[in-house]
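Shown next, in structure tokens, is the structure this report addresses.
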């Protein structure tokens with residue numbers, strides 16, 4: 001029973017991690033187009049605040 005619980009928890013963590021990565025990739029792509037503000041982008045992703053989007057934007061600017 002414990003093994004089943006551990007496997008389920010591992011799978012949930014994996015799915016959550018993949019989801020976060022997909023959201024980050026989408027935000028990066030939206031920022032790269034330069035057509036939307038951080039506020040507008042945050043409105044599309046309820047799990048992100050405007051500050052989160054700005055942090056992603058800072059990371060993009062540092063890689064250039």
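Tabulated values for the structure
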item	result
Principal-axis tilt of helix 2-33 within the chain, Cα atoms, nearest 10 degrees	10
Tilt relative to the chain, helix 50-63 - C-alpha long axis, 0 to 90 degrees, to 10	80
Longest to shortest principal axis, alpha-carbon extents of segment 2-63, angstrom	48, 25, 17
Burial order of peptide ranges 47-58, 6-17, 31-42 (average beta-carbon count within 10 Å, highest first)	47-58, 31-42, 6-17
Helix-derived mean residue ellipticity, 222 nm - over the chain, DSSP H n ≥ 4, -39500 (n - 2.57), to 500	-28000 deg cm²/dmol
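Read-outs: derived from the displayed coordinates by stated rules, not from any lab. Keep in mind that what you see is a predicted model, and the values were worked out from it rather than measured. As a convention, Cβ positions derive from the backbone with ideal geometry for all residues, glycine included, and neighbour counts pool all protein chains shown.
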